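First the structure, in the form of structure tokens, and then the observations on it.
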Amino acid sequence: RTPLKDWCLKRIRIALDDLEELESGVAKTPTTGVSSADKIGANDLNSLTAEINLLACDLLSLRGMIYPAKSDERLAAGTQMLSVLEKAERRIGSSWSDRPKLQIAKCRALLLLDRPKDALSASASLFALPQLRREWTVAIAAIGSEAARDLGDFDTSFRWIRDAGGWESN
């Protein structure tokens, strides 16, 4: 499996470099154009940057999962995720409509950092938010279930999956 692991890690590095280049390009984009049709709002650019940061977090999460639990590489991936999320939060502020995505990514980072109790607690708080999108609910349930499983609490793990609902038809 070493060649496959090395190939995956190389592809993740390339994708992270591409995202960094894209983020740099977005940062250089002016918020005003020649005409009003060309105008790009600062909020739009900040949202785009946040989405780029979230993609980077997804890649870092994948990289972390390649390594064994509690390994230095996995802990490093979780730490990098938190750093990227901090940067994204500073750019977008508290009014971004997709803010739960950042919180979901933070829960994933906590799992990589071998902090399942914190991940479980953060997932429960997030799950209680009103009007979550279906895909967010499923992601939160998966993280909550994994955190409970890591803690050896299989009843709670099952309850997370059950409470998210909709699994029967899938």
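Ellipsoid fit via the Cα gyration tensor, the chain: semi-axes of 31, 22, 13 Å, each the root of five times an eigenvalue, largest first.
Report ³J(HN,Hα) in whole Hz for each residue of the stretch 8-15, in order, from the Karplus equation J = 6.51 cos²θ - 1.76 cosθ + 1.60 where θ = phi - 60°; Gly and Pro get x. Ordered by residue, 3J(HN,Hα) equals 4, 4, 5, 5, 5, 4, 4, 5 Hz. Database remark: amide H of L151 closer than 5 angstrom to no amide H (H placed geometrically; neighbours at sequence offset of 5 or more, or on other chains; Pro and chain starts carry no H).
The slack in the chain from T29 to E73, taken as 0.36 nm per residue of separation less the alpha-carbon distance, amounts to 12.4 nm. Normalised per residue, the accessible area of the stretch 1-146 is 59 Å², obtained with a 1.4 Å probe and no contribution from ligands, DNA or RNA. Bridgeable lysines around K106 (alpha carbons under 28 Å apart, same-chain partners fewer than 8 residues away excluded): K5, K10, K28, K70, K87, K117.
Loop sites by DSSP among the trypsin sites (Lys or Arg not before Pro) of the chain, restricted to those with at most 15 other Cβ atoms within 10 angstrom, leave 71-132 as the longest stretch without any of them.
The values are calculated or read from the model by the stated rules, or taken from the named source; none is laboratory data. Here the structure is a predicted model, which is why all the values come from computation and not from measurement. Glycine gets a Cβ as well: all are built from the backbone with ideal geometry, and neighbour counts include every protein chain shown. Calculation scope for accessible area: heavy atoms of the full protein, side chains included, ligands and nucleic acids excluded. Shrake-Rupley method; radii C 1.70, N 1.55, O 1.52, S 1.80 Å.
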